[in-house]
Amino acid sequence: MKNKITRRNFINGTLMATGALILPFGCRNGTVLEALDPLFYPPALTGLRGSHPGSNTHAHSRAWNKKSDWGSTTKLMEEYDLIVVGGGISGLSAAYFFQQEHGKNKKVLILDNHDDFGGHAKRNEHTIDGQFRLGHGGSQSIEEAKDISEVVHALFKDLGIELERFNTAYDKDFYKRNNLGAVTYFNKDTFGEDKVVRHPYCNHPNYIEGIIMGEKLSNEDAAQQAPLSAKGKEQLLRVLNGGLHTIDVPKAELEDYIRSHSYFDYLKNNLGVDDPGVLRMARHSALDWGSTGADIMSIETAKTCGAMGFAPKTIYHEDDPNIYHFPDGNASVARALVKKMIPDVAEGNGAEELVLAKFKYAQLDKSSNAVRIRLNSTVVNVQHGGDPQDSRDVFVDYINDNKSYQVKGKNVVMACYNMMIPHIVQGLPKAQEAALRLQSKCPLIYTTVGLRNWKAIKEMEIGMAMSPGNMHQSLFMDYPVSIGGYEYTKTPKDPCVIQMVSCPYGETIGAPAIEQYREARHKMLSLQFKDYEDEIRAHLSGMLPKELFDFDRDVESITVNRWAHGYTVSGGGDSVKKGRQPFGRITIANCDSGPSASMKVAIDMASRAVKELA
Ligand SMILES: Cc1cc2nc3c(=O)[nH]c(=O)nc-3n(C[C@H](O)[C@H](O)[C@H](O)COP(=O)(O)OP(=O)(O)OC[C@H]3O[C@@H](n4cnc5c(N)ncnc54)[C@H](O)[C@@H]3O)c2cc1C
């Protein structure tokens, strides 16, 4: 298995390097893509993806070391009506809206530091025993799809996204038919034995539409089966049977109380929990719902996020279930946008028809395109040609293949991470800079694993496993969606993709969120693929029965999508509005400017940013 992963990475890495080498020096356009081998195809790359190695290097040099000397800069003879910094859903939408507003002949350049477009909306392809399987490497579903703005609604219509299609495309009965539920895997290193208990001990898995929640075990049996000391089991039961009724506060004050008091204090003081195993289960039980571990949540947030001890509840409204998921997640939305703007990039029309389409990456940056997408290009400097208030030009410097290039635009939309903007845009008012710096993002890892079969998973009745002792604190059978000719795995004998989710927290329980993010980000980026592979090996081998699962035999491919800057975490107060103010010919998009870790918001913010351009 290891050899296969290494070989695939090697092949694709070689093609990329070749593309870079054959570029003539001082050429008119600095694109690697136009020179790329047509076989270059990032969605099929495995290994370390998401913020893949090298993608953040120049941005970090700029932000951390204030690097400004990038060697001689090639001034390209390219001029655009709009330059977009960031090729995520927001940047792609901004390009689309700009053309809608000003005409299809308007020239737009989209620059992104990654080797694929879509930003967090990342497509992961796996080929397992000759069968094709898809997974999502980040932005996964159109959440609360019926609650969308007119802008998003109109865009979905243009892109051929028909929400009703998911009523049948999402196989709601899949989990029940296969008896797959929410379980918890306790690993030997942390809990003394490898054990799967058929109970989630929290509400988290409930967001998977159709999954069997904890109905298989009573709270008493679930507490008894947890591999904890007698005292730990007794404390765990107290938490499971706990809830707001155990808080001795007059009813009228309860709301204020739970907003202002810590969940961990509630566990310790109200319920007398001090067992490290129970506290560990609690800390990891809300996973990514609140962008932090439950150790630093208020009782109110922990309850909303379904942390341990709060009764299972329906997360999504029953009229608006969590079924709006393409097999590659929201990457399908990104692909449909790209296809609209660069028609030659793929065969097929509309998101559904494009599910199986192989995109031709060499088409993205053709000089004949009105819209060009230039990948592997980190923007390091954005500056008006004169006084921002009456300048007609903006100069954008970016680094591609370690060389510095400059392009000129009449307008710029910054659709990148908002906290990066003060490091790039020259001359911003100090108050705006300070506001932008406050916008943060929490780190996340979404790993997709290609399995030859899911016989062992079926045997253990795992729809989703919470794994409080592991780096990936949960894993689940990918959403059961068949659409656009793509067929979800049919029987346990068939290949499938499982999704593993890691919300890396800091070592120090209770440390402030920003400190935990920083520590976790550094650790995430310092680990090698082998470290992740070892964790996945130990995780799956400890959880699944040896008679049915052998890691080297059954795991075909692993794609670790590291997002050092994942979900938007707002700076709070009026910092978001102050930060996103237009500045001369530059406006600000990205879901951070919403602020919300949401594709819908990313689109709405793109629309606003385009309207703000004079
Ligand atoms: C793991 C994960 C799961 C998620 N799941 C969901 C979900 O299910 N549903 C949902 O609605 N939302 C989800 N989100 C939120 C997600 O952020 C949005 O859905 C959406 O994809 C954000 O799009 P964006 O364009 O605003 O930002 P991004 O996708 O982050 O795009 C910004 C792009 O700008 C690039 N960039 C940054 N700096 C520079 C620079 N200096 N030069 C060039 N490029 C630069 C970035 O690398 C990135 O590619 C998820 C996010 C993560 C991380």
In nm, to one decimal, how far is the modelled label at E234 from the one at N219, with both set 7 Å along Cα→Cβ? 1.7
Percent of all Cα-Cα pairs per 20 Å bin for the chain, counting from 0 up to the last occupied bin, reads 20, 53, 25, 2
Could you tell me the center-to-center distance, by alpha carbons, between region 137-181 and region 274-306 in angstrom? 28
Can you tell me the order of 473-480, 155-162, 412-419, 397-404 when each peptide is scored by its average per-residue count of other Cβ atoms within 10 angstrom, highest first? 412-419, 473-480, 397-404, 155-162
Full extension from E164 to Q406: what is 0.36 nm times the residue separation minus their Cα-Cα distance, to one decimal in nm? 82.6 nm
Quick one, can you get me the convex hull of the C-alpha atoms of region 344-474 expressed as volume per residue in Å³? 220
Could you calculate the contour length gain from R259 to D274, that is, 0.36 nm times the residue separation minus the distance between their Cα atoms, to one decimal place in nm? 3.1 nm
Can you list the HN-Hα couplings for region 85-92, worked out from phi with the Karplus curve (6.51, -1.76, 1.60; θ = phi - 60°), rounded to whole Hz and with x for Gly and Pro? 9, x, x, x, 4, 5, x, 5
Rounded to a whole number of µm²/s, how large is the Stokes-Einstein D of region 149-234 at 10 °C and 1.306 mPa s, given Rh as the Kirkwood radius over C-alpha pairs? 100
Considering only the chain, what is the antiparallel percent among its DSSP beta bridges, to the nearest 5? 65
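So how much slack lies between E459 and D129, counting 0.36 nm per residue of separation and subtracting their Cα-Cα distance, in nm? List each step's numbers first, then the result.
Numbers: separation 330, 0.36 × 330 = 118.80 nm, distance 2.17 nm.
Contour length minus the Cα-Cα distance gives 116.6 nm.
Say R0 is 41 Å: what FRET efficiency, to the nearest 0.05, do K157 and S391 get from their beta-carbon distance?
Numbers: r = 37 Å, r/R0 = 0.89.
For R0 = 41 Å, the calculated efficiency reads 0.65.
Order of 292-301, 183-192 by packing, highest average Cβ count within 10 Å first?
Values: 292-301: 22.9, 183-192: 19.5.
The packing order, highest mean first, is 292-301, 183-192.
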Quick one: Cα centre-to-centre distance for region 503-547 and region 353-377, in angstrom? 34
Take peptides 580-593, 40-53 and line them up by average Cβ neighbours within 10 Å, highest first, as a rough protection proxy. 580-593, 40-53
Everything considered on the Cα gyration tensor (a ≥ b ≥ c; rounded for a/c under 1.5, else prolate if a/b is larger than b/c, else oblate), region 359-427 must be described as prolate
Can you pull a Stokes-Einstein diffusion coefficient for region 193-236 at 37 °C (0.692 mPa s), Rh from Kirkwood over Cα pairs, as a whole number of µm²/s? 289
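Only sites in a loop by DSSP and with at most 15 other Cβ atoms within 10 Å count here; which GluC sites (Glu not before Pro) in region 431-519 make the cut? Walk me through the numbers before you get to the answer.
Working: sites: E433, E459, E461, E487, E507, E515, E519; in loops: E461, E487, E507.
For GluC sites (Glu not before Pro) across region 431-519 that sit outside H, G, I, E and B with at most 15 neighbouring Cβ atoms in 10 Å, the list reads E487, E507.
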Once label points are set 7 Å from the Cα along Cα→Cβ at both F551 and H102, what is their separation, rounded to one decimal in nm? 5.3
37 °C / 0.692 mPa s Stokes-Einstein diffusion coefficient of region 132-180, Kirkwood radius on C-alpha pairs, µm²/s: 248
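Values in this text are rule-based calculations from the coordinates and carry no lab data. Just so it is clear, the structure is predicted and the values come from calculations on it, not from any experiment. Cβ coordinates were reconstructed from backbone atoms using ideal geometry, including for glycine residues, and neighbour counts include every protein chain displayed.
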